Amino acid sequence: MNAIEITAFGAPDVLRVAQRPVPVPGPGELLIRVVASGVNRPDVLQRTGNYPVPAGASDIPGLEVAGVVEGGDALAMAQAGFQVGDRVCALVAGGGYAQMCVAPVAQCLPIPAGLSDVEAASLPETFFTVWSNVFDRGCLQKGETLLVQGGTSGIGVTAIQMAKAMGATVLATAGSDEKCAACLALGADHAINYNSRDFAEAVQNITGGAGVDVILDMVAGGYVAREVQCLAEDGRLVIIAVQGGVKSEINAGLVLRKRLTITGSTLRARSVAFKGAIAQALKLHVWPLLENRSIKPVIHGVFAADGGQESSGAAQAHALMESGRHVGKIVLTW
Ligand SMILES: NC(=O)c1ccc[n+]([C@@H]2O[C@H](COP(=O)([O-])OP(=O)(O)OC[C@H]3O[C@@H](n4cnc5c(N)ncnc54)[C@H](OP(=O)(O)O)[C@@H]3O)[C@@H](O)[C@H]2O)c1
């Protein structure tokens, strides 16, 4: 099969098309003929040498795929209700940028009715991450207020739509007025251009000084002190990335006076059982919202993964992601 390899850590052109053996599904796994592979920022970090592959995972990048079931562990498939020929999308710990990919049955979901393979491939990584962090860890409730940092990221467009669909008020930050407009078009109630306004001050103005109940943060660093300031009483800060650095100096007095919770997580290295539980929650609570189009995949760009050439569309996809011009997701097709 064709796959995209990281030939050395570096710029996007280190991503090259290579021939690899078709992976063999083990117990509890199935084999997917991949039609589309989602691209995520963690793939860029892996390519630049800043995100080691977890033990046991494929060195081929790619954390999500959509395609057709080719075979696998018959018992596990039967128990989960999957058959050869079914259209599925899956969260994987690696190996997604390839024509064939193995996935734990527990991390596979049927493609929501009405969605294309490209749309389905854009779902697993951000939907699993947002569910786990905003709703499980952050405990966002109907009627509460969520601040999403990076509202037009793949994660952000998912968080805005999911939180709105669940009845929350949503504030989002983005780095330009155009991206702020995109956040509002996706349903955010307020958008803050973090380059022209201090987001913490803006949050206090918008909420009349009450602050927000939950913050989904992908920046950390100097943001954490300001996030502690603009959280409401009993507020929850959930950190999922440290693009602004790992160190922060916070006013610990505010943490106890407002009874704040500061937490965070990474998804990739978690167990199959953990990810399987998220898959079940998504199937129950979120897949119906995709099927009735209350939540829509946001696809910014689609690239042919191998393009029939040695230099791959994956390189163009990564260059686009690093340019920061995208709104929503970038997807590769096979
Ligand atoms: N913990 C986990 O399990 C997990 C899982 C998946 C992803 N992630 C992380 O989540 C982040 C988003 O992933 P993605 O694939 O959606 O990436 P992406 O589409 O490339 O988005 C990156 C986002 O970061 C925003 N950003 C950068 N600096 C910012 C700042 N100072 N203030 C506000 N926003 C800022 C950018 O906003 P502008 O373009 O508006 O500047 C952009 O929207 C990445 O850092 C990724 O590593 C974590």
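What follows draws every value from the coordinates through simple rules; no lab data is involved. What you see is a predicted model, and the numbers here were worked out from it, not measured in a lab. With ideal geometry, Cβ positions are generated from the backbone for all residues, glycine too; neighbour counts draw on all protein chains shown.
Work out the FRET efficiency for residue 13 and residue 292 from their Cβ-Cβ distance, taking R0 = 41 Å, and round it to the nearest 0.05.
Details: r = 42 Å, r/R0 = 1.02.
For residue 13 and residue 292, the calculated efficiency is 0.45.
Among 244, 301, 151, which one shows the highest mean-square fluctuation when the chain is modelled as a Gaussian network with alpha-carbon springs under 10 Å?
Fluctuation is largest for 244.
Given the DSSP H assignment, sum -39500 (n - 2.57) over each helix run of at least 4 residues in the chain and divide by its residue total; what's the result at 222 nm in deg cm²/dmol, nearest 500?
Numbers: 12 runs with 98 residues, N = 334.
Value at 222 nm, helices only, nearest 500: -8000 deg cm²/dmol.
What is the Cα convex hull volume of the stretch 34-123 when expressed per residue in Å³?
On the way: hull volume 7.7 nm³, N = 90.
That works out to 85 Å³ per residue.
What is the magnitude of the charge dipole of the chain about its Cα centre, with +1 placed on the Cβ of each Lys and Arg, -1 on the Cβ of each Asp and Glu, and no other charges, expressed in debye to the nearest 20? Intermediate results must be reported in sequence, preceding the final value.
Numbers: 25 positive and 29 negative charges, 90 e Å.
Once rounded to the nearest 20, the dipole reads 440 debye.
Read phi for every residue in the stretch 199-215 and hand back ³J(HN,Hα) as whole Hz from Karplus 6.51 cos²θ - 1.76 cosθ + 1.60, θ = phi - 60°, with x for Gly and Pro.
Rounded to whole hertz, the list is 5, 5, 5, 4, 4, 5, 5, 5, 9, x, x, 6, x, 9, 7, 9, 10.
Could you give me the ³J(HN,Hα) list for the stretch 230-235, computed from phi with Karplus coefficients 6.51, -1.76, 1.60 and θ = phi - 60°, whole Hz, x at Gly and Pro?
Each residue's phi maps through the Karplus curve to give 9, 7, 6, 4, 6, x Hz.
Taking θ = phi - 60°, what integer Hz values does the Karplus form 6.51 cos²θ - 1.76 cosθ + 1.60 yield along the stretch 243-251, in sequence order, with x for Gly and Pro?
3J(HN,Hα) across the stretch 243-251, in whole Hz: 4, x, x, 9, 9, 9, 10, 10, 7.
Where in the stretch 291-305 does the amide nitrogen come within less than 11 Å of the point 7 Å from the Cα of residue 113, taken along Cα to Cβ?
Counting backbone N atoms under 11 Å from the label point, the list is 291-292.
Compare 36, 252, 182 in a GNM of the chain, Cα atoms joined below 10 Å, and give the one with the largest fluctuation.
So, out of 36, 252, 182, the one fluctuating most is 252.
Name the residues whose placed amide hydrogens come within less than 5 Å of the amide hydrogen of residue 65, ignoring near sequence neighbours (fewer than 5 apart) on the same chain.
The list, which skips near neighbours in sequence, is 38, 90, 92.
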